[in-house]
Amino acid sequence: MPSFHIGARFRSLHPTILLLALSMVLSAAADAPTHFDTVARQADAARTANQVPDAIRLYREATRLKPDWSDGWWYLGSLFYDQDRFAEAAAAFQHLLDNPKYRGSAHAFLGLCEYETGQYDEALAQFRAWAGAGWAGTPELRTVGYYHFSLLLTREGKFTQSLALITWLVPRLGDNAELTEAMGLASLRIQYLPENYPPELRERIWLAGKVALYAQMAPRQFESADQFAVQLVTRYAGQPEVHAVRAMLYEIEEKKPEAELEYREELKISPNHIPALVALASMDLDKGDTAEADVFAQKAIAIEPNHAEAHHLLGRVFLANRELAASVKELETARQLAPRSAAVRAHLAMVYGRLGRTGEAKVESTAYVELKNKADAAATLRMKNEGEPRIPGQDLSDDSREKTN
């Protein structure tokens, strides 16, 4: 049998024929399905047929074969989540945090998974990242995400932020037991989650939650809110936060004299209650009582130096008393703490103007108009239930009205 060197045989071929043969081989290889392609198709088919165990097995294999397959990680995480296998779901969603297509929703799902596994600080960080990514996800995901995010904000002591977020769900869900409980915890400023607060607080939380819930229903149901507020104050008049809940309802109802009385009652029980101090300072300014407004604002700042609204109110006190240098100092501090506050920018423009600092006054006036227009547009969307929640403090950092001692 003749023998020959295979290399020599190839070298004897014409170059054009060689290139054609190579291109045909490469084309056939490209068209042939890879093992990954086969497994991925099988995984998708199993998922579509609701064959969950097979789908999970196949997606695991496919993501092992191709670790950067984002759709596979998404479906794998979703399947684990639906099976309450939260730790495994979290591990899958971790692969998507740098992916533009899935990043926002992955943060939300990861937050939910970490909530379920008791990693509350980590879950809160994921929800904050979700907010920063624009609240991505389906309406169902946003409903569940807002609810758990709100609970974690309450646990952290961000009560105003928590109420703003959970209130967004009231028109969608109506008279709901979970919302009632969440709103009650935030309204009473109780840093517990629903699953672990002391049982003796249950009725108080439920009554306060009903007050807050009915005050935010669409349309407002003030008669029902008032009935629950009366029960709350009657049964728990000597307990902290109870009069503040009643006062906040009066404020929503635009009954300022009644609200003022309730805030003063709250200060008798909780002398360092910042929301009451701030609210009363504002009411005093509206009445022209700058002396008492000064006392309340100064006390709030002494308790919480980074309280933006307290600095804003103190700046307004100095402005009313024509102490313009002191007013500028306080208002600039308020701007630093709350740069998106249109009211702060408006008062700062006013003081700059009176001091003859026209360039700075113009900058602040422009900022005020822009912020006011954005707020009006957002309010219009919220009235149509089309926009996203507007949480006090756009970056979800410290809220200016939070701390209570």
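Read the figures in this text as sums done on the coordinates, not as results from a lab. Worth saying up front: this structure is predicted, and the values here are computed from it rather than measured. Glycine also receives a Cβ, built like all others from the backbone with ideal geometry; neighbour counts cover every protein chain displayed.
Hydrodynamic analysis of region 157-271 uses the Kirkwood radius over alpha carbon pairs. Inserted into Stokes-Einstein at 10 °C and 1.306 mPa s, it gives a translational diffusion coefficient of 114 µm²/s. Taking only the Cα atoms of region 80-128, how large is their convex hull per residue, in Å³? Spread over its residues, the Cα hull of region 80-128 gives 59 Å³ apiece.
Of the residues 268, 372, the one with the fewest other Cβ atoms within 10 Å heads the list, and the complete ranking is 268, 372.
Each of the peptides 160-172, 221-233, 38-50 was scored by the mean count of other Cβ atoms within 10 Å over its residues; in descending order, highest first, they stand as 160-172, 221-233, 38-50.
Evaluated at 4 °C with a viscosity of 1.567 mPa s, what Stokes-Einstein diffusion coefficient in µm²/s does region 152-200 have when Rh comes from the Kirkwood expression over alpha-carbon pairs? Once the numbers are plugged in, D ends up at 120 µm²/s.
Over the C-alpha trace of region 118-225, radius of gyration and Dmax come out as 13.5, 40 angstrom.
In this simple spin-label approximation, residue 68 and residue 117 carry label points 7 Å from Cα along the Cα→Cβ vector, and these lie 2.6 nm apart. For the chain, the C-alpha radius of gyration divided by 2.2 N^0.38 Å, with N the number of residues, is 1.39.
Estimated from helices alone, the mean residue ellipticity of the chain at 222 nm is -22500 deg cm²/dmol (sum of -39500 (n - 2.57) over DSSP H runs with n ≥ 4, per residue). Here the Gaussian network model covers the chain, with springs between Cα atoms less than 10 Å apart; of 356, 238, 77, 356 fluctuates the most.
Along the axis of the charge dipole computed for the chain (Cβ charges of +1 for Lys and Arg, -1 for Asp and Glu, origin at the Cα centre), the listed residues 224, 92, 277 are led at the positive end by 92.
In whole percents, the pair-distance distribution calculated for region 303-389 from its alpha-carbon pairs, binned every 5 Å from zero, is 3, 16, 22, 20, 16, 10, 7, 4, 1.
For the chain, find the longest principal axis of its Cα atoms and tell me its angle to the long axis of helix 222-236, 0 to 90°, nearest 10. Taking Cα atoms only, the helix is inclined about 70 degrees. Of the three principal axes defined by the Cα atoms of region 240-360, the extents in descending order read 47, 26, 26 Å. In this entry, region 284-347 is assigned a mean projected area of 3.8 nm², taken as a quarter of its C-alpha convex hull surface. Put the Cα centre of region 47-120 next to the Cα centre of region 138-216 and the gap is 28 Å. Calculated on the alpha-carbon coordinates, the convex hull of region 32-137 measures out at 90 cubic angstrom per residue. Compared with the dominant principal axis of the Cα atoms in the chain, helix 139-156 is inclined by about 50°. The angle separating the long axis of helix 103-116 from the principal Cα axis of greatest extent in the chain is about 70 degrees.
So, with +1 on the Cβ of K and R and -1 on the Cβ of D and E, and no other charges, what is the size of the charge dipole of the chain about its Cα centre, to the nearest 20 debye? Result for the chain is approximately 1160 debye, rounded to the nearest 20.
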